[in-house]
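The values are calculated or read from the model by the stated rules, or taken from the named source; none is laboratory data. Not measured: the values here are computed from a predicted model. Counting neighbours? That spans all protein chains shown, and the Cβs are built from the backbone with ideal geometry, glycine included.
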């Protein structure tokens, strides 16, 4: 079982499920030519997709178009079902930096066939993830700058203020479908600027007040 670290906590925390929100930044929706959804676009990554800082991404041989997506990650600290927006924030134990890697060519083919696209999102090494900082250490999670560089070149530069669904709404909608348990992780979507990475590249992601993450591509 994969575990993560929450700063100031001695014991490692076992990861449950990773529940992800797609299409949460309007400019990212536009760059991919998608429609703005009226309901949340939800998918899941297995815990086996996680790799820590300074690890290596391995792109599966069934894809030739792997994209990076920097995201704010939420660590759930207490179990809840049908959590209201008013109570949502108390369920968050910490915040982290994630890169949601997507096999864009595979995802497109699956969509065209009307098939699920977990094979484009949940492959091993598809979720580089930093350690988490306690929620109390983040002044306002809706005012955080997210950046991602590839080989030192800035590719993504956005702010969580641009999220169409803010964190309380995300938790309310997700918990209406899934019981959220301590150790679950939520990925909250990515700003515009996504693009391809290939063998030899180094990705560096950072979220102010939260942390940074650097991984290479095999």
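For residues in region 209-218 being surrounded by 14 or more Cβ atoms within 10 Å (Cβ to Cβ) and farther than 13 Å from residue 51 by Cβ, which is farthest from the chain's Cα centre (by Cα)?
Of region 209-218, the ones surrounded by 14 or more Cβ atoms within 10 Å (Cβ to Cβ) are 209-211, 213-217.
Those still in the list that are farther than 13 Å from residue 51 by Cβ too: 209-211.
Working: 209: 17, 210: 14, 211: 14 Å.
If we take residues in region 209-218 being surrounded by 14 or more Cβ atoms within 10 Å (Cβ to Cβ) and farther than 13 Å from residue 51 by Cβ, then 209 is farthest from the chain's Cα centre (by Cα).
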If we ask which residues in region 132-174 are over 18 Å from residue 207 (Cα atoms) and crowded, with 21+ Cβ neighbours inside 10 Å, their number turns out to be 3
Test residue 107 against the stated conditions and say whether it is in contact with a helix residue (DSSP H, G or I) (Cβ under 7 Å, 6 or more places away or on another chain) and assigned to a helix (DSSP H, G or I).
-> yes
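Considering only region 126-153, state which residues are farther than 14 Å from residue 188 by Cα and assigned to a strand (DSSP E or B). Walk me through how you get there before you give the answer.
Going residue by residue through region 126-153, those that are farther than 14 Å from residue 188 by Cα are 126, 128, 130-140, 147-153.
Hits for region 126-153 are 128, 132, 133, 134, 147, 148, 149, 150, 153.
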Search region 9-23 for residues being at pLDDT below 95 and either part of a strand (DSSP E or B) or in contact with a helix residue (DSSP H, G or I) (Cβ under 9 Å, 6 or more places away or on another chain) (or both), and hand back the single one that is surrounded by the fewest Cβ atoms within 10 Å (Cβ to Cβ).
-> 23
Determine if region 30-48 includes at least one residue that is buried (at least 22 other Cβ atoms within 10 Å of the Cβ) and either touching a strand residue (DSSP E or B) at 6+ places or on another chain (Cβ under 7 Å) or more than 19 Å from residue 197 (Cβ to Cβ) (or both).
-> yes
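Is it the case, given these coordinates, that residue 79 is under 24 Å from residue 171 (Cα atoms), touching a helix residue (DSSP H, G or I) at 6+ places or on another chain (Cβ under 9 Å) and surrounded by fewer than 20 Cβ atoms within 10 Å (Cβ to Cβ)?
Values: under 24 Å from residue 171 (Cα atoms): yes; touching a helix residue (DSSP H, G or I) at 6+ places or on another chain (Cβ under 9 Å): yes; surrounded by fewer than 20 Cβ atoms within 10 Å (Cβ to Cβ): yes.
Spelling it out, residue 79 is indeed under 24 Å from residue 171 (Cα atoms), touching a helix residue (DSSP H, G or I) at 6+ places or on another chain (Cβ under 9 Å) and surrounded by fewer than 20 Cβ atoms within 10 Å (Cβ to Cβ).
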Failed item, numbered, when residue 63 is tested on (1) farther than 30 Å from residue 198 by Cα; (2) assigned to a loop (DSSP other than H, G, I, E, B); (3) in contact with a strand residue (DSSP E or B) (Cβ under 6 Å, 6 or more places away or on another chain) | (1)
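Could you check region 117-131 and list, in sequence order, the residues that are within 15 Å of residue 95 (Cβ to Cβ) and surrounded by fewer than 24 Cβ atoms within 10 Å (Cβ to Cβ)? Working first, answer last.
Narrowing region 117-131 to residues within 15 Å of residue 95 (Cβ to Cβ): 129-131.
Of everything in region 117-131, those that are within 15 Å of residue 95 (Cβ to Cβ) and surrounded by fewer than 24 Cβ atoms within 10 Å (Cβ to Cβ) turn out to be 130, 131.
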